[in-house]
Amino acid sequence: IRPEKVVTKEFTFAGSVLQINFETSARGWLKITLRNTETGEERHSDELFGNRINRIVDFDGDVEKFSGSPVIMEMELCDADIYAFEFGDL
């Protein structure tokens, strides 16, 4: 199975965490990259798998640092579906 990539348009968000609604097959996975378009700085998620309605995504750095700045989100999906995502605070 070959991974597919979804790239959002540039947007800004407010909050300190990203929650997603997604589902993968037993062999599937999902990875997310958040890129600040002003600085080029990136945050990468761990590999995600399973079936969750409101999974908080762990990144390799502080996502809140990008809050209020323009970003692009890249989602790499391998036998996975993403239904919704939301930035917010806990």
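Values for this structure:
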{"quantity": "Alpha carbon centroid spacing (whole Å) that separates the stretch 67-90 from the stretch 4-48", "calculated": "4"}
{"quantity": "Cβ-based net charge around Glu76, under 9 Å, with every Lys or Arg adding one and every Asp or Glu removing one", "calculated": "0"}
{"quantity": "Cα-centre dipole for the chain with unit charges at Cβ (Lys and Arg positive, Asp and Glu negative), debye to 20", "calculated": "220"}
{"quantity": "When the convex hull of its Cα atoms is projected in every direction, mean area for the chain (nm²)", "calculated": "5.4"}
{"quantity": "Surrounding net charge for Glu41, when Lys and Arg each add one and Asp and Glu each subtract one, Cβ distance under 12 Å", "calculated": "-1"}
{"quantity": "Cα centre as origin, Lys/Arg/Asp/Glu Cβ charges: the stretch 5-44 dipole, Debye", "calculated": "220"}
{"quantity": "Net charge over other residues, Cβ less than 14 angstrom from the Cβ of Asp58 (K, R count +1; D, E count -1)", "calculated": "-1"}
{"quantity": "Only Lys, Arg (+1) and Asp, Glu (-1) charged, at Cβ; the stretch 17-68 dipole about Cα centre in debye", "calculated": "260"}
{"quantity": "Under 5 Å, built H, 5+ apart or other chain: amide partners of Gly50", "calculated": "Thr24"}
{"quantity": "Simple spin-label estimate for Arg27 and Asn54 in nanometres, 7 Å along Cα-Cβ", "calculated": "3.4"}
{"quantity": "Relative contact order %, the chain, counting alpha carbon pairs below 8 Å whose residues are six or more apart", "calculated": "49"}
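Rule-based calculations on the coordinates, nothing more; no lab input. On a predicted model such as this, the values are computed, not experimentally measured, just so you know. As a convention, Cβ positions derive from the backbone with ideal geometry for all residues, glycine included, and neighbour counts pool all protein chains shown.
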